[in-house]
Amino acid sequence: MTTPPNTATATRNTRRPAMALSLPGTRPGPRAATRQPAPGPPRLARAYADLPPTVHVALDALHLDALLGDPADPANPYGWPALHHRAHRTPPAPPAGALDAVRPARAHGADQHARLLRPLFRRDLALGHAWGPEPAGPAAGPAAGLQETAGLCAAAGSVLRLAARAVGALPPHGPAAAQWQPVLGAAFTDLLACETLTALALRAAAPHPAGAGDAPAGPGLADAAGYLVPLLAGEVLEDLRLVLGECAPPAGSTATRLLDKIGADRAAAGTTAAAACQTRLAGSLAHLTDPARHTPQPGTLFHLHDPAPLTLPAPADRHGAVAAALPAAAHPHPHHDNGGADPVTAALTRTARRLATEQRLLHQACTTPARPAAAGPADPAARALADRHALLLTAAAVLGVHEAAAQARLRFLGRPHWALLALTRITERLGTPLPGPLPDVHTGLFDELRTRTRRGVDCDVYATKALW
(Lines give C-alpha, C1' and ligand atoms only; values in the text may rest on other atoms or scores of the structure.)
Protein backbone atom coordinates (compact mmCIF):
# COMPACT_ATOMS: atom_id res chain seq x y z
CA MET A 1 0.00 0.00 0.00
CA THR A 2 1.43 3.37 -0.98
CA THR A 3 1.96 5.74 1.92
CA PRO A 4 0.10 9.08 1.67
CA PRO A 5 2.32 11.78 0.12
CA ASN A 6 2.25 13.97 3.21
CA THR A 7 3.74 11.20 5.36
CA ALA A 8 6.49 10.13 2.98
CA THR A 9 9.20 11.94 4.86
CA ALA A 10 8.18 10.35 8.15
CA THR A 11 8.22 6.82 6.77
CA ARG A 12 11.38 7.05 4.62
CA ASN A 13 13.54 7.10 7.71
CA THR A 14 13.59 4.95 10.78
CA ARG A 15 10.51 3.95 12.69
CA ARG A 16 10.82 7.01 14.92
CA PRO A 17 12.06 9.88 12.74
CA ALA A 18 13.80 12.80 14.34
CA MET A 19 11.13 15.19 13.04
CA ALA A 20 8.52 13.42 15.17
CA LEU A 21 10.30 14.67 18.29
CA SER A 22 9.12 18.24 17.67
CA LEU A 23 5.44 18.98 17.36
CA PRO A 24 4.27 21.22 14.50
CA GLY A 25 4.88 24.87 15.24
CA THR A 26 7.45 24.25 17.98
CA ARG A 27 11.21 24.43 18.06
CA PRO A 28 13.57 22.44 20.26
CA GLY A 29 14.95 24.54 23.06
CA PRO A 30 18.67 25.36 23.29
CA ARG A 31 20.90 22.80 24.88
CA ALA A 32 23.24 23.61 27.69
CA ALA A 33 25.81 21.25 29.11
CA THR A 34 25.13 22.43 32.63
CA ARG A 35 21.33 22.26 32.47
CA GLN A 36 19.84 19.74 34.86
CA PRO A 37 17.01 17.55 33.55
CA ALA A 38 13.58 18.76 34.57
CA PRO A 39 11.80 16.63 37.15
CA GLY A 40 9.00 14.35 36.07
CA PRO A 41 8.50 12.74 32.65
CA PRO A 42 10.96 13.41 29.81
CA ARG A 43 10.58 16.60 27.82
CA LEU A 44 8.93 14.90 24.84
CA ALA A 45 6.27 13.29 26.99
CA ARG A 46 5.57 16.60 28.74
CA ALA A 47 5.27 18.34 25.36
CA TYR A 48 2.93 15.64 24.10
CA ALA A 49 0.22 16.04 26.75
CA ASP A 50 -0.69 17.97 29.89
CA LEU A 51 -0.92 14.56 31.58
CA PRO A 52 1.98 12.85 29.79
CA PRO A 53 2.23 9.15 29.04
CA THR A 54 5.52 7.29 29.08
CA VAL A 55 7.93 8.56 26.45
CA HIS A 56 7.61 5.29 24.50
CA VAL A 57 3.82 5.60 24.31
CA ALA A 58 4.16 9.22 23.17
CA LEU A 59 6.63 8.22 20.44
CA ASP A 60 4.50 5.33 19.20
CA ALA A 61 1.34 7.45 19.17
CA LEU A 62 3.09 10.26 17.27
CA HIS A 63 4.52 7.76 14.82
CA LEU A 64 1.08 6.24 14.22
CA ASP A 65 -0.50 9.66 13.77
CA ALA A 66 2.20 10.63 11.24
CA LEU A 67 1.78 7.39 9.29
CA LEU A 68 -1.96 7.97 8.97
CA GLY A 69 -1.45 11.44 7.51
CA ASP A 70 -3.75 14.45 7.37
CA PRO A 71 -7.35 13.23 7.89
CA ALA A 72 -8.74 16.09 5.78
CA ASP A 73 -6.54 15.34 2.75
CA PRO A 74 -8.72 13.96 -0.10
CA ALA A 75 -5.69 12.14 -1.56
CA ASN A 76 -4.90 10.35 1.70
CA PRO A 77 -6.24 6.75 1.69
CA TYR A 78 -6.47 7.00 5.49
CA GLY A 79 -8.18 10.39 5.45
CA TRP A 80 -11.83 11.00 6.22
CA PRO A 81 -12.93 11.52 2.57
CA ALA A 82 -11.48 8.16 1.50
CA LEU A 83 -12.71 6.32 4.59
CA HIS A 84 -16.21 7.72 4.21
CA HIS A 85 -16.23 6.61 0.57
CA ARG A 86 -15.36 3.07 1.73
CA ALA A 87 -18.00 3.14 4.47
CA HIS A 88 -19.45 -0.27 3.60
CA ARG A 89 -16.26 -1.94 2.46
CA THR A 90 -13.26 -3.50 4.15
CA PRO A 91 -10.94 -0.90 5.72
CA PRO A 92 -7.71 -0.27 3.80
CA ALA A 93 -4.59 -2.23 4.63
CA PRO A 94 -2.34 -0.50 7.15
CA PRO A 95 0.73 1.43 5.95
CA ALA A 96 4.15 -0.03 6.57
CA GLY A 97 5.05 0.20 10.23
CA ALA A 98 1.55 0.98 11.50
CA LEU A 99 0.98 -2.43 13.08
CA ASP A 100 4.36 -2.19 14.77
CA ALA A 101 3.14 1.01 16.41
CA VAL A 102 -0.13 -0.45 17.67
CA ARG A 103 1.50 -3.72 18.73
CA PRO A 104 4.53 -2.48 20.62
CA ALA A 105 7.04 -4.91 22.05
CA ARG A 106 6.98 -3.13 25.38
CA ALA A 107 4.38 -3.97 28.00
CA HIS A 108 2.08 -1.06 28.85
CA GLY A 109 -0.79 -0.73 31.24
CA ALA A 110 -4.23 -0.98 29.67
CA ASP A 111 -4.84 2.76 30.10
CA GLN A 112 -1.55 3.57 28.36
CA HIS A 113 -2.35 1.14 25.56
CA ALA A 114 -5.64 2.98 25.00
CA ARG A 115 -3.70 6.24 24.72
CA LEU A 116 -1.44 4.67 22.11
CA LEU A 117 -4.45 3.54 20.04
CA ARG A 118 -6.29 6.86 20.29
CA PRO A 119 -4.92 8.32 17.01
CA LEU A 120 -6.33 5.27 15.24
CA PHE A 121 -9.81 5.39 16.80
CA ARG A 122 -9.87 9.17 16.53
CA ARG A 123 -9.55 8.67 12.78
CA ASP A 124 -12.18 5.96 12.29
CA LEU A 125 -13.91 3.39 14.49
CA ALA A 126 -13.87 0.68 11.84
CA LEU A 127 -10.16 1.26 11.27
CA GLY A 128 -9.50 0.86 14.97
CA HIS A 129 -11.51 -2.35 15.13
CA ALA A 130 -9.67 -3.74 12.09
CA TRP A 131 -6.13 -2.86 13.16
CA GLY A 132 -6.27 -2.50 16.91
CA PRO A 133 -5.24 -5.72 18.65
CA GLU A 134 -6.82 -7.10 21.75
CA PRO A 135 -4.63 -6.16 24.72
CA ALA A 136 -2.58 -8.97 26.12
CA GLY A 137 -1.03 -9.80 29.47
CA PRO A 138 -2.12 -7.50 32.29
CA ALA A 139 -4.57 -5.74 29.98
CA ALA A 140 -6.57 -8.87 29.25
CA GLY A 141 -9.94 -9.66 30.80
CA PRO A 142 -12.21 -6.69 31.58
CA ALA A 143 -9.90 -4.30 29.71
CA ALA A 144 -10.44 -6.04 26.37
CA GLY A 145 -13.87 -4.51 25.74
CA LEU A 146 -12.83 -1.22 27.31
CA GLN A 147 -10.40 -0.52 24.49
CA GLU A 148 -13.39 -0.19 22.16
CA THR A 149 -15.16 1.97 24.74
CA ALA A 150 -12.14 4.28 24.82
CA GLY A 151 -12.16 4.22 21.02
CA LEU A 152 -15.76 5.47 20.91
CA CYS A 153 -14.77 8.41 23.13
CA ALA A 154 -11.91 9.20 20.74
CA ALA A 155 -14.20 9.10 17.69
CA ALA A 156 -16.79 11.31 19.38
CA GLY A 157 -14.00 13.70 20.32
CA SER A 158 -13.13 14.15 16.63
CA VAL A 159 -16.69 15.28 15.90
CA LEU A 160 -16.63 17.57 18.94
CA ARG A 161 -13.48 19.29 17.71
CA LEU A 162 -15.03 19.86 14.27
CA ALA A 163 -18.18 21.23 15.88
CA ALA A 164 -16.08 23.55 18.06
CA ARG A 165 -14.40 24.92 14.94
CA ALA A 166 -17.80 25.54 13.34
CA VAL A 167 -19.18 27.35 16.40
CA GLY A 168 -15.89 29.20 16.91
CA ALA A 169 -16.26 30.66 13.41
CA LEU A 170 -19.58 32.29 14.33
CA PRO A 171 -19.70 35.97 15.37
CA PRO A 172 -18.52 35.73 18.99
CA HIS A 173 -21.27 37.87 20.46
CA GLY A 174 -24.09 36.79 18.15
CA PRO A 175 -27.19 34.86 19.20
CA ALA A 176 -26.05 31.63 17.51
CA ALA A 177 -22.78 31.56 19.45
CA ALA A 178 -24.63 32.22 22.70
CA GLN A 179 -26.99 29.33 21.93
CA TRP A 180 -24.45 26.68 20.94
CA GLN A 181 -21.40 27.42 23.06
CA PRO A 182 -23.04 26.05 26.27
CA VAL A 183 -24.14 22.94 24.36
CA LEU A 184 -20.57 22.22 23.31
CA GLY A 185 -19.29 22.96 26.81
CA ALA A 186 -21.71 20.37 28.19
CA ALA A 187 -20.78 17.84 25.48
CA PHE A 188 -17.10 18.37 26.27
CA THR A 189 -17.76 17.70 29.95
CA ASP A 190 -19.81 14.58 29.23
CA LEU A 191 -16.93 13.15 27.20
CA LEU A 192 -14.48 14.01 29.98
CA ALA A 193 -16.68 12.12 32.45
CA CYS A 194 -16.86 9.14 30.07
CA GLU A 195 -13.10 9.10 29.61
CA THR A 196 -12.50 9.43 33.35
CA LEU A 197 -14.60 6.37 34.14
CA THR A 198 -13.04 4.42 31.27
CA ALA A 199 -9.50 5.36 32.29
CA LEU A 200 -10.10 4.24 35.88
CA ALA A 201 -11.64 0.98 34.70
CA LEU A 202 -8.61 0.36 32.49
CA ARG A 203 -6.23 1.15 35.34
CA ALA A 204 -8.20 -1.08 37.70
CA ALA A 205 -7.93 -3.98 35.26
CA ALA A 206 -4.25 -4.40 36.14
CA PRO A 207 -3.53 -7.32 38.50
CA HIS A 208 -2.54 -6.94 42.13
CA PRO A 209 1.10 -7.46 43.08
CA ALA A 210 2.49 -10.95 42.43
CA GLY A 211 0.70 -13.59 44.42
CA ALA A 212 -2.11 -11.26 45.55
CA GLY A 213 -4.68 -12.43 43.00
CA ASP A 214 -6.76 -10.48 40.55
CA ALA A 215 -8.72 -7.39 41.42
CA PRO A 216 -12.02 -8.54 42.98
CA ALA A 217 -14.09 -5.67 41.68
CA GLY A 218 -12.38 -4.65 38.46
CA PRO A 219 -15.28 -6.12 36.45
CA GLY A 220 -17.71 -3.85 38.33
CA LEU A 221 -15.93 -0.79 36.99
CA ALA A 222 -15.54 -2.33 33.55
CA ASP A 223 -19.24 -3.17 33.36
CA ALA A 224 -20.26 0.33 34.41
CA ALA A 225 -18.02 1.88 31.74
CA GLY A 226 -18.95 -0.70 29.10
CA TYR A 227 -22.65 0.03 29.59
CA LEU A 228 -22.85 3.75 30.41
CA VAL A 229 -20.15 5.26 28.20
CA PRO A 230 -21.73 4.16 24.87
CA LEU A 231 -25.05 5.52 26.14
CA LEU A 232 -23.65 8.94 27.08
CA ALA A 233 -21.46 9.10 23.97
CA GLY A 234 -24.58 8.48 21.88
CA GLU A 235 -26.28 11.44 23.56
CA VAL A 236 -23.23 13.61 22.88
CA LEU A 237 -23.23 12.63 19.21
CA GLU A 238 -26.92 13.50 18.88
CA ASP A 239 -26.28 16.93 20.43
CA LEU A 240 -23.39 17.46 18.03
CA ARG A 241 -25.61 16.53 15.09
CA LEU A 242 -28.00 19.26 16.15
CA VAL A 243 -25.17 21.80 16.48
CA LEU A 244 -23.65 20.89 13.14
CA GLY A 245 -27.06 21.01 11.45
CA GLU A 246 -27.35 24.65 12.47
CA CYS A 247 -23.76 25.86 12.25
CA ALA A 248 -21.93 23.73 9.70
CA PRO A 249 -22.33 23.64 5.89
CA PRO A 250 -25.21 21.60 4.46
CA ALA A 251 -25.32 17.83 4.59
CA GLY A 252 -22.23 16.26 3.10
CA SER A 253 -19.73 18.21 5.20
CA THR A 254 -16.83 16.34 6.75
CA ALA A 255 -18.30 16.57 10.26
CA THR A 256 -21.74 15.35 9.19
CA ARG A 257 -20.30 12.44 7.21
CA LEU A 258 -18.07 11.56 10.16
CA LEU A 259 -21.14 11.45 12.37
CA ASP A 260 -22.91 9.16 9.92
CA LYS A 261 -19.85 6.92 9.71
CA ILE A 262 -19.61 6.58 13.50
CA GLY A 263 -23.31 5.71 13.65
CA ALA A 264 -22.89 3.04 10.98
CA ASP A 265 -19.83 1.57 12.71
CA ARG A 266 -21.65 1.44 16.03
CA ALA A 267 -24.65 -0.25 14.43
CA ALA A 268 -22.38 -2.82 12.80
CA ALA A 269 -20.73 -3.56 16.14
CA GLY A 270 -24.13 -4.05 17.79
CA THR A 271 -25.16 -3.43 21.39
CA THR A 272 -24.73 -6.93 22.78
CA ALA A 273 -21.71 -6.07 24.88
CA ALA A 274 -23.36 -3.03 26.51
CA ALA A 275 -26.51 -5.03 27.31
CA ALA A 276 -24.40 -7.78 28.88
CA CYS A 277 -22.63 -5.19 31.04
CA GLN A 278 -25.97 -3.82 32.23
CA THR A 279 -27.19 -7.33 33.03
CA ARG A 280 -24.13 -8.06 35.16
CA LEU A 281 -24.54 -4.76 37.01
CA ALA A 282 -28.22 -5.45 37.67
CA GLY A 283 -27.40 -8.89 39.05
CA SER A 284 -24.75 -7.60 41.49
CA LEU A 285 -26.35 -4.43 42.85
CA ALA A 286 -26.60 -5.52 46.48
CA HIS A 287 -22.90 -6.37 46.44
CA LEU A 288 -21.72 -3.34 44.45
CA THR A 289 -23.71 -0.75 46.42
CA ASP A 290 -22.76 -2.04 49.88
CA PRO A 291 -21.19 0.90 51.82
CA ALA A 292 -19.07 -1.58 53.78
CA ARG A 293 -17.17 -2.25 50.57
CA HIS A 294 -16.73 1.44 49.73
CA THR A 295 -13.47 1.88 51.59
CA PRO A 296 -10.89 4.38 50.32
CA GLN A 297 -7.62 2.66 49.51
CA PRO A 298 -4.19 4.27 49.34
CA GLY A 299 -2.52 4.05 45.98
CA THR A 300 -2.47 5.74 42.60
CA LEU A 301 -5.81 4.67 41.14
CA PHE A 302 -6.99 8.26 40.60
CA HIS A 303 -3.59 9.58 39.51
CA LEU A 304 -4.18 9.90 35.78
CA HIS A 305 -1.13 12.17 35.72
CA ASP A 306 1.06 9.20 36.73
CA PRO A 307 1.69 6.85 33.77
CA ALA A 308 3.33 4.24 36.00
CA PRO A 309 1.39 1.01 36.59
CA LEU A 310 -1.30 1.19 39.25
CA THR A 311 -0.18 0.56 42.81
CA LEU A 312 -2.74 -0.61 45.37
CA PRO A 313 -2.17 -2.80 48.40
CA ALA A 314 -3.67 -6.26 48.47
CA PRO A 315 -6.40 -7.02 49.00
CA ALA A 316 -7.81 -3.82 47.52
CA ASP A 317 -11.35 -3.45 46.20
CA ARG A 318 -10.92 -1.15 43.25
CA HIS A 319 -14.61 -0.73 42.53
CA GLY A 320 -15.13 0.10 46.20
CA ALA A 321 -12.25 2.58 46.13
CA VAL A 322 -13.94 4.49 43.28
CA ALA A 323 -17.39 4.38 44.89
CA ALA A 324 -15.92 5.69 48.16
CA ALA A 325 -14.77 8.89 46.43
CA LEU A 326 -18.36 10.19 46.34
CA PRO A 327 -19.06 10.36 50.11
CA ALA A 328 -15.45 11.45 50.71
CA ALA A 329 -15.90 14.45 48.41
CA ALA A 330 -19.05 15.47 50.28
CA HIS A 331 -16.81 16.77 53.08
CA PRO A 332 -14.42 19.75 52.86
CA HIS A 333 -10.77 19.09 52.02
CA PRO A 334 -7.78 20.84 53.58
CA HIS A 335 -6.52 22.29 50.28
CA HIS A 336 -9.95 23.67 49.34
CA ASP A 337 -11.13 27.12 50.26
CA ASN A 338 -13.71 26.18 52.87
CA GLY A 339 -14.57 29.73 53.77
CA GLY A 340 -16.94 30.05 50.85
CA ALA A 341 -14.76 32.45 48.81
CA ASP A 342 -14.77 30.03 45.88
CA PRO A 343 -18.42 29.55 44.81
CA VAL A 344 -17.56 26.78 42.32
CA THR A 345 -15.81 24.65 44.94
CA ALA A 346 -18.67 25.24 47.40
CA ALA A 347 -21.22 24.24 44.75
CA LEU A 348 -19.20 21.13 43.93
CA THR A 349 -19.25 20.08 47.60
CA ARG A 350 -23.02 20.64 47.84
CA THR A 351 -23.64 18.62 44.70
CA ALA A 352 -21.40 15.81 45.95
CA ARG A 353 -23.42 15.70 49.19
CA ARG A 354 -26.65 15.43 47.21
CA LEU A 355 -25.27 12.54 45.16
CA ALA A 356 -23.84 10.83 48.24
CA THR A 357 -27.38 10.81 49.63
CA GLU A 358 -28.57 9.22 46.39
CA GLN A 359 -25.85 6.60 46.76
CA ARG A 360 -27.14 5.64 50.22
CA LEU A 361 -30.74 5.55 49.01
CA LEU A 362 -29.73 3.32 46.13
CA HIS A 363 -28.23 0.77 48.50
CA GLN A 364 -31.43 0.77 50.55
CA ALA A 365 -33.46 0.16 47.40
CA CYS A 366 -31.18 -2.73 46.42
CA THR A 367 -31.29 -4.48 49.80
CA THR A 368 -34.93 -4.23 50.90
CA PRO A 369 -36.78 -7.57 50.99
CA ALA A 370 -39.02 -6.50 48.10
CA ARG A 371 -36.16 -5.02 46.08
CA PRO A 372 -36.70 -5.05 42.30
CA ALA A 373 -33.40 -6.86 41.78
CA ALA A 374 -34.92 -9.90 43.46
CA ALA A 375 -36.86 -10.47 40.25
CA GLY A 376 -33.57 -11.00 38.43
CA PRO A 377 -31.29 -8.81 36.31
CA ALA A 378 -33.72 -8.92 33.39
CA ASP A 379 -36.37 -7.04 35.39
CA PRO A 380 -36.79 -3.44 34.12
CA ALA A 381 -36.75 -2.03 37.66
CA ALA A 382 -33.46 -3.79 38.40
CA ARG A 383 -31.99 -2.38 35.21
CA ALA A 384 -33.15 1.10 36.20
CA LEU A 385 -31.28 0.71 39.49
CA ALA A 386 -28.22 -0.46 37.54
CA ASP A 387 -28.44 2.73 35.47
CA ARG A 388 -28.43 4.83 38.64
CA HIS A 389 -25.46 2.93 40.03
CA ALA A 390 -23.46 3.48 36.84
CA LEU A 391 -24.23 7.22 36.90
CA LEU A 392 -23.27 7.53 40.57
CA LEU A 393 -20.08 5.58 39.96
CA THR A 394 -19.23 8.01 37.14
CA ALA A 395 -19.73 10.92 39.54
CA ALA A 396 -17.42 9.23 42.03
CA ALA A 397 -14.80 8.71 39.32
CA VAL A 398 -14.93 12.39 38.37
CA LEU A 399 -14.59 13.47 42.00
CA GLY A 400 -11.71 11.09 42.70
CA VAL A 401 -9.75 12.23 39.65
CA HIS A 402 -10.46 15.90 40.37
CA GLU A 403 -9.31 15.53 43.97
CA ALA A 404 -6.05 13.85 42.93
CA ALA A 405 -5.51 16.49 40.24
CA ALA A 406 -6.14 19.32 42.72
CA GLN A 407 -3.56 17.89 45.08
CA ALA A 408 -1.09 17.70 42.16
CA ARG A 409 -2.01 21.30 41.13
CA LEU A 410 -2.90 20.32 37.59
CA ARG A 411 -3.97 23.20 35.38
CA PHE A 412 -7.36 21.98 34.12
CA LEU A 413 -8.42 18.82 35.95
CA GLY A 414 -7.39 20.35 39.28
CA ARG A 415 -9.93 23.15 38.91
CA PRO A 416 -13.50 22.41 40.06
CA HIS A 417 -15.37 23.78 37.04
CA TRP A 418 -15.39 20.65 34.86
CA ALA A 419 -16.22 18.44 37.83
CA LEU A 420 -19.14 20.67 38.83
CA LEU A 421 -20.67 20.60 35.36
CA ALA A 422 -20.15 16.83 35.09
CA LEU A 423 -21.90 16.26 38.44
CA THR A 424 -24.65 18.71 37.54
CA ARG A 425 -25.47 16.78 34.40
CA ILE A 426 -25.36 13.46 36.24
CA THR A 427 -27.73 14.85 38.89
CA GLU A 428 -30.13 15.98 36.18
CA ARG A 429 -30.00 12.57 34.50
CA LEU A 430 -30.86 10.95 37.82
CA GLY A 431 -33.90 13.18 38.12
CA THR A 432 -32.63 14.51 41.45
CA PRO A 433 -33.13 18.21 42.33
CA LEU A 434 -29.99 20.29 42.23
CA PRO A 435 -28.78 21.65 45.59
CA GLY A 436 -29.85 25.23 44.99
CA PRO A 437 -28.58 27.68 42.38
CA LEU A 438 -25.21 26.69 40.94
CA PRO A 439 -22.60 28.84 39.16
CA ASP A 440 -22.80 28.69 35.38
CA VAL A 441 -19.53 27.17 34.17
CA HIS A 442 -20.57 26.31 30.60
CA THR A 443 -18.74 29.29 29.11
CA GLY A 444 -15.47 28.39 30.80
CA LEU A 445 -15.69 24.82 29.51
CA PHE A 446 -16.34 26.01 25.96
CA ASP A 447 -13.41 28.43 26.24
CA GLU A 448 -11.15 25.53 27.21
CA LEU A 449 -12.46 23.49 24.27
CA ARG A 450 -11.99 26.38 21.84
CA THR A 451 -8.46 27.04 23.10
CA ARG A 452 -7.53 23.39 22.69
CA THR A 453 -8.98 23.30 19.19
CA ARG A 454 -6.99 26.36 18.13
CA ARG A 455 -3.76 24.95 19.59
CA GLY A 456 -4.11 21.48 18.12
CA VAL A 457 -4.84 19.80 21.46
CA ASP A 458 -7.30 16.91 21.70
CA CYS A 459 -10.42 17.18 23.85
CA ASP A 460 -9.47 14.11 25.91
CA VAL A 461 -8.99 14.01 29.66
CA TYR A 462 -5.18 14.02 29.21
CA ALA A 463 -5.08 17.13 26.91
CA THR A 464 -3.00 15.31 24.28
CA LYS A 465 -1.38 17.10 21.35
CA ALA A 466 -2.64 16.05 17.92
CA LEU A 467 -0.61 16.27 14.73
CA TRP A 468 -3.67 17.11 12.63
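The values are calculated or read from the model by the stated rules, or taken from the named source; none is laboratory data. This one's a predicted model, so the numbers in the text were calculated from it and none came from an experiment. When we count neighbours, we look across all protein chains shown, and the Cβ atoms used for this are built from the backbone with ideal geometry, even at glycine. The area values use the complete protein model at the heavy-atom level, side chains included, leaving out ligands, DNA and RNA. Shrake-Rupley method; radii C 1.70, N 1.55, O 1.52, S 1.80 Å.
Only one entry in ASP306, ASP265, ASP260 is acidic (Asp, Glu), within 30 Å of ALA404 (Cβ to Cβ) and at pLDDT below 95, namely ASP306.
Out of the residues in the range 326-368 that are open to solvent by less than 40 Å² (accessible area, probe 1.4 Å) and assigned to a loop (DSSP other than H, G, I, E, B), which is modelled with the highest pLDDT? Among them, the one singled out is ALA330.
Which count do you get for residues in the range 435-452 that are among the basic types (Lys, Arg) and open to solvent by less than 20 Å² (accessible area, probe 1.4 Å)? Qualifying residue count for the region: 1.
Remark: HIS389 falls outside the filter, which requires a residue to be in a helix (DSSP H, G or I) and either touching a Lys or Arg at 6+ places or on another chain (Cβ under 9 Å) or under 30 Å from ASP70 (Cβ atoms) (or both). Taking every residue in the range 161-185 that is without any contact (Cβ under 8 Å) to a residue 40 or more places away in the chain and pairing it with any residue that is open to solvent by 20 Å² or more (accessible area, probe 1.4 Å), at least 6 positions away or on another chain, the pairs with Cβ-Cβ distances below 7 Å are ALA177/LEU170; ALA177/PRO171.
Quick grid of which residues meet (1) within 19 Å of the chain's Cα centre (by Cα); (2) open to solvent by 60 Å² or more (accessible area, probe 1.4 Å); (3) within 22 Å of LEU355 (Cα to Cα):
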| position | (1), (2), (3) |
| --- | --- |
| TRP418 | yes, no, yes |
| LEU430 | no, no, yes |
| PRO433 | no, yes, yes |
| ARG455 | no, yes, no |
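Within the range 373-417, being under 16 Å from LEU231 (Cβ atoms) and among the charged types (D, E, K, R) holds for ARG383, ASP387, ARG388. For the range 436-443, the criterion of a residue being polar (S, T, N, Q), farther than 25 Å from ASP387 by Cβ and out of contact with any His (no Cβ under 8 Å at 6 or more places or on another chain) is satisfied by at least one position. Scanning the range 275-301 for residues that are under 21 Å from ARG203 (Cβ atoms), part of a helix (DSSP H, G or I) and out of contact with any Asp or Glu (no Cβ under 7 Å at 6 or more places or on another chain) yields a total of 1.
Residues in the range 431-465 that are out of contact with any Phe, Trp or Tyr (no Cβ under 7 Å at 6 or more places or on another chain) and among the charged types (D, E, K, R): ASP440, ASP447, ARG450, ARG452, ARG454, ARG455, ASP458, ASP460. When ASP387, ASP460 are checked against the criterion of being at pLDDT 95 or above, open to solvent by less than 40 Å² (accessible area, probe 1.4 Å) and under 21 Å from the mean Cα position of the chain (by Cα), a single residue qualifies: ASP460.
Taking first residues from the range 280-298 that are within 21 Å of GLU403 (Cα to Cα) and partners that are open to solvent by less than 40 Å² (accessible area, probe 1.4 Å) and part of a helix (DSSP H, G or I), the Cβ contacts under 6 Å between residues at least 6 apart in sequence or on separate chains come to ARG293/GLY320; HIS294/GLY320; HIS294/ALA323; THR295/GLY320; GLN297/ALA321. Restricting to the range 69-83, and then to whatever is in contact with a Leu (Cβ under 9 Å, 6 or more places away or on another chain) and assigned to a helix (DSSP H, G or I), can you tell me which residue is least open to solvent (accessible area, probe 1.4 Å)? Among residues in the range 69-83 that are in contact with a Leu (Cβ under 9 Å, 6 or more places away or on another chain) and assigned to a helix (DSSP H, G or I), the one least open to solvent (accessible area, probe 1.4 Å) is LEU83. Please determine whether any residue of the range 368-385 is under 25 Å from ARG118 (Cβ atoms), of a type outside the set (Val, Ile, Thr) and out of contact with any strand residue (DSSP E or B) (no Cβ under 6 Å at 6 or more places or on another chain). Scanning the range 368-385 turns up no residue that is under 25 Å from ARG118 (Cβ atoms), of a type outside the set (Val, Ile, Thr) and out of contact with any strand residue (DSSP E or B) (no Cβ under 6 Å at 6 or more places or on another chain).
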